[in-house]
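Written below as structure tokens is the structure these notes are about.
Values in this text are rule-based calculations from the coordinates and carry no lab data. Owing to the predicted nature of the structure, the values given are computational and were not obtained by experimental measurement. Cβ coordinates were reconstructed from backbone atoms using ideal geometry, including for glycine residues, and neighbour counts include every protein chain displayed.
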Amino acid sequence: MDLTPKLQTKRFTLSPLQASDIPALTHAAADPLIWEQHPAKDRWKADVFEPYVTWLLAQGGTLTIRSAAGMAKGMSRFYQTPDIAPDWGIGFTFLTRDLWGGTANAEVKGAMIDHLAAQGANAVWLHFAPDNTRSLRATGKLGATRAEDEVVDYGFGPSRNARMVIFPKTNFAS
């Protein structure tokens, strides 16, 4: 499975996370409201965000999301789901607030889901905190359905996660 593609959408370029992206992503993530529904509510602080994004860089599969003007607008990640192997997940996503409420999440995640579908994925999972209503709404707009919540460990210790699944060959594949 190719987890380091360069994807192009109508408004965004998604490219593999590089160490040189960290300062721009740290700046983009420095809004406390982005993290208010996230378990790591202080991730807007540079001294909390930078070790996290460095960990993501080491794990692989993370894509930097840039606007057509080249501005860092967030990131998202492909990952093997620890709870439903061998299926794949998309997550660890954040977008700057100017992109909330519109079609940016669907555009970005749609491209990522299409990429996994083209490589044979039958199901794509999305995990997030069960009380993250913003992510629940955005994921529902993709056509994903909610599965049973599960305790999952992504390397930070076990935590309860809402799980939603989408079947790309039904919802997204051309």
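Provide Rg and Dmax in Å for the chain, with only Cα atoms included in the calculation.
For the chain, the Cα-based Rg and Dmax read 14.8, 42 Å.
Return the FRET efficiency for the residue pair Thr133, Ser159: r is the Cβ-Cβ distance, R0 is 22 Å, and the value is rounded to the nearest 0.05. Write out the running numbers ahead of the final one.
Numbers: r = 17 Å, r/R0 = 0.78.
Efficiency, from the Cβ-Cβ distance: 0.80.
Over 23 Å between C-alpha atoms is what I'm after, so list which of Lys10/Lys109; Lys45/Lys141; Lys10/Lys141; Lys6/Lys109; Lys45/Lys73 land there.
Values: Lys10/Lys109 13 Å; Lys45/Lys141 30 Å; Lys10/Lys141 18 Å; Lys6/Lys109 13 Å; Lys45/Lys73 17 Å.
Flagged as over cut-off: Lys45/Lys141.
For Lys45 and Ala24 in one chain, what is 0.36 nm times their gap in residues minus the Cα-Cα distance, to one decimal in nm? Provide the component values of the computation, followed by the final result.
Numbers: separation 21, 0.36 × 21 = 7.56 nm, distance 1.35 nm.
Net length gain for the segment: 6.2 nm.
Between Ala118 and Glu148, with labels modelled 7 Å along Cα→Cβ, what's the label distance in nm to one decimal, could you check?
Result for the modelled spin labels: 3.6 nm.
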